[in-house]
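First the structure, in the form of structure tokens, and then the observations on it.
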Amino acid sequence: MHLKKALWAEGLESPSSSAVAELVSSLNTQRLHREVTLALRNGLRDSRAEFSFLRVSGLRHLLKFLRSAAESDATIRLFRETQSLPEFQVVPVLFQNTLREAVGDPIVNLDRIFGVEPIRMTSPATDAEIALALRVLEGCCLLTRVSVAVAHKHKAIKTLANILSTRGPNVQGACLDAFISLLQGSSANQMEFEACHGVEKVVELIKDKAVDESLRLKCGEFLLLFIGHVHGREMPPVISIHDELRRLLGEKCASLVWAASQFGSTLDPEQRQTALHIQALRVLECLELQREFGASK
């Protein structure tokens with residue numbers, strides 16, 4: 001959503017009167033509010049559609065809006081306000097449509113065909129649609145904590161864990177990013193992630209040589225972020241995350257992951273991303289060496 005300057009605002013950039021300044025500020029706020037609500041209405045309408053191509057269009061519209069909104073503090077503030085209103089909430093629409101579990105085809109009989117109530121046939125979500133929905137979910141959760149709480153009510157962690165195990169690489173990569181946004185600062189989601197054996201599912205992918213190399217790297221990055229920057233230390237599980245990593249990866253790789261996960265606290269975002277990628281590469285190399293050493297025994 002890219003707003004054009006209002007025509008009536010020309011020449012009022014530096015108003016001499018405080019009353020005029022307040023009027024200009026009020027008009028700008030009202031205009032921005034209309035633009036935000038309109039963008040959400042249009043995106044949510046198509047995201048509820050019965051056909052996948054319409055839902056994809058709506059999700060793209062929402063994702064474009066979220067990326068634009070993230071550039072403005074005022075728009076972020078308005079978006080957060082809208083997410084407390086059921087009419088504009090994005091997360092429920094995602095889980096009620098694109099991210100909902102498939103229940104199979106409806107049973108169609110003569111009573112239903114000739115009945116008064118029409119049969120609602122919804123086309124299944126494609127990988128491209130699911131990946132878009134996960135990006136929208138990630139954006140919502142990064143912009144407002146309300147979306148994280150709403151996602152938890154819709155059993156987001158369980159749904160994403162199932163998606164991670166059943167979908168293709170593009171969806172799995174988006175799923176890992178969405179996991180981070182859901183787990184950050186949410187003890188409830190972290191507990192759910194533990195109950196779903198989330199770390200084990202990620203390790204299964206990173207150890208699978210048949211999995212695309214870029215996805216394995218992303219899994220390595222996820223483990224480093226999760227252990228070093230996301231996992232809550234205020235509520236240790238019965239079995240510590242370090243013990244679980246030793247069981248899943250072996251002592252050497254687990255120690256490397258634990259040490260490498262402490263990177264980046266003093267780096268700028270670009271340097272942090274580079275460091276994360278390098279450390280993930282080292283984790284993959286460690287796994288390869290461990291596999292070769294085990295095979296030579």
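The values are calculated or read from the model by the stated rules, or taken from the named source; none is laboratory data. Quick caveat: nothing in here was measured; it's all calculated off a predicted structure. Backbone-built Cβ (ideal geometry, glycine too); neighbour counts: all protein chains shown. Protein only, heavy atoms only, side chains kept; ligands, DNA and RNA dropped before computing areas. Shrake-Rupley method; radii C 1.70, N 1.55, O 1.52, S 1.80 Å.
If I filter segment 202-215 down to residues being surrounded by 20 or more Cβ atoms within 10 Å (Cβ to Cβ) and in contact (Cβ under 8 Å) with a residue 40 or more places away in the chain, which single residue comes out as farthest from ALA156 (Cα to Cα)? Don't jump to the end; show me each part of the working.
Start the filter on segment 202-215 by keeping residues that are surrounded by 20 or more Cβ atoms within 10 Å (Cβ to Cβ), which leaves 202-203, 205-206.
Retained after the next criterion (residues that are in contact (Cβ under 8 Å) with a residue 40 or more places away in the chain): 203, 205-206.
Values: VAL203: 20, LEU205: 20, ILE206: 22 Å.
Looking at residues that are surrounded by 20 or more Cβ atoms within 10 Å (Cβ to Cβ) and in contact (Cβ under 8 Å) with a residue 40 or more places away in the chain, I get ILE206.
From the residues in segment 81-97 that are of a type outside the set (A, V, I, L, M) and in contact with a Leu (Cβ under 7 Å, 6 or more places away or on another chain), which one is nearest to LEU160 (Cα to Cα)?
Filtering segment 81-97 for residues of a type outside the set (A, V, I, L, M) gives 81-84, 86-89, 92, 95-97.
Pick out the ones that are also in contact with a Leu (Cβ under 7 Å, 6 or more places away or on another chain) and you get 82, 88.
Numbers: THR82: 25, PHE88: 23 Å.
For segment 81-97, the residue satisfying everything is PHE88.
To keep it simple, each residue is scored yes or no on (1) within 30 Å of LEU85 (Cβ to Cβ); (2) open to solvent by 20 Å² or more (accessible area, probe 1.4 Å); (3) at pLDDT below 95.
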{"position": "LYS158", "(1), (2), (3)": "yes, yes, no"}
{"position": "SER165", "(1), (2), (3)": "no, yes, yes"}
{"position": "PRO169", "(1), (2), (3)": "no, yes, yes"}
{"position": "ASP177", "(1), (2), (3)": "yes, yes, no"}
{"position": "LEU182", "(1), (2), (3)": "yes, no, no"}
{"position": "SER186", "(1), (2), (3)": "yes, no, yes"}
{"position": "ALA195", "(1), (2), (3)": "no, yes, yes"}
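GLU87 passes all but one of (1) surrounded by 10 or more Cβ atoms within 10 Å (Cβ to Cβ); (2) modelled with pLDDT of 85 or more; which number fails?
The single condition GLU87 does not satisfy is (1).
Among LEU256, LEU284, which is closer than 17 Å to PHE222 by Cα, modelled with pLDDT of 85 or more and open to solvent by less than 20 Å² (accessible area, probe 1.4 Å)?
Checking each option against the conditions leaves just LEU284.
What number of residues in segment 166-210 are of a type in the set (Gly, Ala, Ser) and not in a helix (DSSP H, G or I)?
The first filter runs over segment 166-210 and keeps only residues of a type in the set (Gly, Ala, Ser), leaving 168, 173-174, 178, 181, 185-188, 195, 198, 210.
Filter once more, keeping what is not in a helix (DSSP H, G or I): 168, 185-186, 210.
Residues flagged as of a type in the set (Gly, Ala, Ser) and not in a helix (DSSP H, G or I) within segment 166-210 amount to 4.
Any idea how many residues of segment 55-76 are at pLDDT 95 or above, open to solvent by 60 Å² or more (accessible area, probe 1.4 Å) and over 17 Å from the mean Cα position of the chain (by Cα)?
Total meeting the criteria: 0.
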